[in-house]
Amino acid sequence: MTGEKKKKKRLNRSILLAKKIIIKDGGSPQGMGEPSVYHAVVVIFLEFFAWGLLTTPMLTVLHETFPQHTFLMNGLIHGVKGLLSFLSAPLIGALSDVWGRKSFLLLTVFFTCAPIPLMKISPWWYFAVISMSGVFAVTFSVIFAYVADITAEHERSTAYGLVSATFAASLVTSPAIGAYLSVTYGDTLVVILATAVALLDICFILVAVPESLPEKMRPASWGAPISWEQADPFASLRKVGQDSTVLLICITVFLSYLPEAGQSSSFFLYLRQVIQFKSETVAAFIAVLGILSIVAQTVVLGILMRSIGNKNTILLGLGFQILQLAWYGFGSQPWMMWAAGAVAAMSSITFPAISAIVSRNADPDQQGVVQGMITGIRGLCNGLGPAFYGFIFYLFHVELTDLDAADSPGKETKPNMVNPTDESSIIPGPPFLFGACSVLLSLLVALFIPDHCGPGVRPGGYKKHSNGAQSHSYSPPSSGAEGKDPLLDDSCV
């Protein structure tokens, strides 16, 4: 008993010390001005700009460290990171409800960027740390909670869209800058610059970002207990079967996001290996894709939502994703990749449209439940998708050749496959075809999602400080019919 009391005292002292760091004397939050979406946008931009600079050096280090089975190891590294993020996201979200958002923004950005300087110091330590950093690599979860604290419910779709567009914008120029500096001055300078940008992000959080969660909105004590349900990553997934509409939406998200998560972890390697893109071409491809994605998620999405409706926008986005993945799978020429990239930008409208259909039709007290399910599904895909793609590349014996050869204009290289004459000419990218089949199933499931009539069906007003996007727990209705009431309003089906 004496040992337990000592542990509690040490914990309380640590909590008080952390609170003094985060909150000024007098209780006012540190930072510049009132908390706004623009604070969140700058944090996201700087973090992913730093990682975008490392696109070319990362491919080189990955190939040098794992010359054999490069795609498989890349998939396993990203798979471990994704699964750890899935397991830790609910706990970090629950703790941020108690301790505030700013401290966990600082924590997640610091540990997400911690592997960057290790890339040149020790590649093995770099890959080990980047795998384990998944425990804290949930910046988007905390950012969405930050945005939810400071926006009304009807403003969140626009705010989330701005954050997502900022992520795409951060990748428009950073890979090209990193590729140019890598060719001209070497990878070491790129790593130093990326480290400096990451440190700038951390300093911005410390100095400029104000706390978004008011003190009065938190539990009375910083030592307030956190229930296992709040920290359980599978808690939201277990509620899927309560409502048929939510079940259909979650299946649609899983089948469509699984190949997307796998593609994002291996596609740049694929461009270098199979299509023989140079570093500069890969950077230009990312930039063009980012610009087109911004246009699709801001301009095109709004037009489609108004003209053809929410459900049809989802179906159209899934159709574009099937075409994109099939084109990636069968395409063997550079122009095919560019054309498929334009289609990929259009497929980026799918998830915002899914989030919108949930936000428009879920009751205010059920927003956290449904959004938590979708967030949990995506987190699970971030772990399974990269491993799935890496394993299929391994089964089809697609491995990296000398990356320097792809950058040399006088050399021609071929994919390292068992029978290049047959396999590479017919199916250059097997995982993308598996992904296309998965999205086709997702499209068939999405056909059965009921087309709701919009926000007018929801009772109640907006809740400005409810964390609708990230909450994994909720207060059930007083009627007690938790298992029987539908999570989404089906009155207009």
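Numbers below:
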{"quantity": "Per-peptide average of other Cβ atoms within 10 Å, ordering 82-88, 334-340 highest first", "calculated": "82-88, 334-340"}
{"quantity": "Phi to ³J(HN,Hα) by Karplus 6.51 cos²θ - 1.76 cosθ + 1.60 over the range 329-335, Hz, x for Gly, Pro", "calculated": "x, 8, x, 10, 10, x, 4"}
{"quantity": "By average C-beta atoms within 10 angstrom, highest first, the peptides 383-393, 41-51, 310-320", "calculated": "383-393, 41-51, 310-320"}
{"quantity": "In sequence order, calculated HN-Hα J values of the range 302-316 (Karplus, 6.51, -1.76, 1.60; Hz; x Gly/Pro)", "calculated": "x, 5, 5, 4, 7, 8, 10, x, 5, 5, 5, 5, 4, 4, 5"}
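Laboratory data are not the source of any read-out in this text; all were calculated from the coordinates shown. If you're wondering where the values come from, they're calculated on a predicted model, not measured in any experiment. Note that each Cβ is placed from the backbone with ideal geometry, even for glycine, and that neighbours are counted across all protein chains shown.
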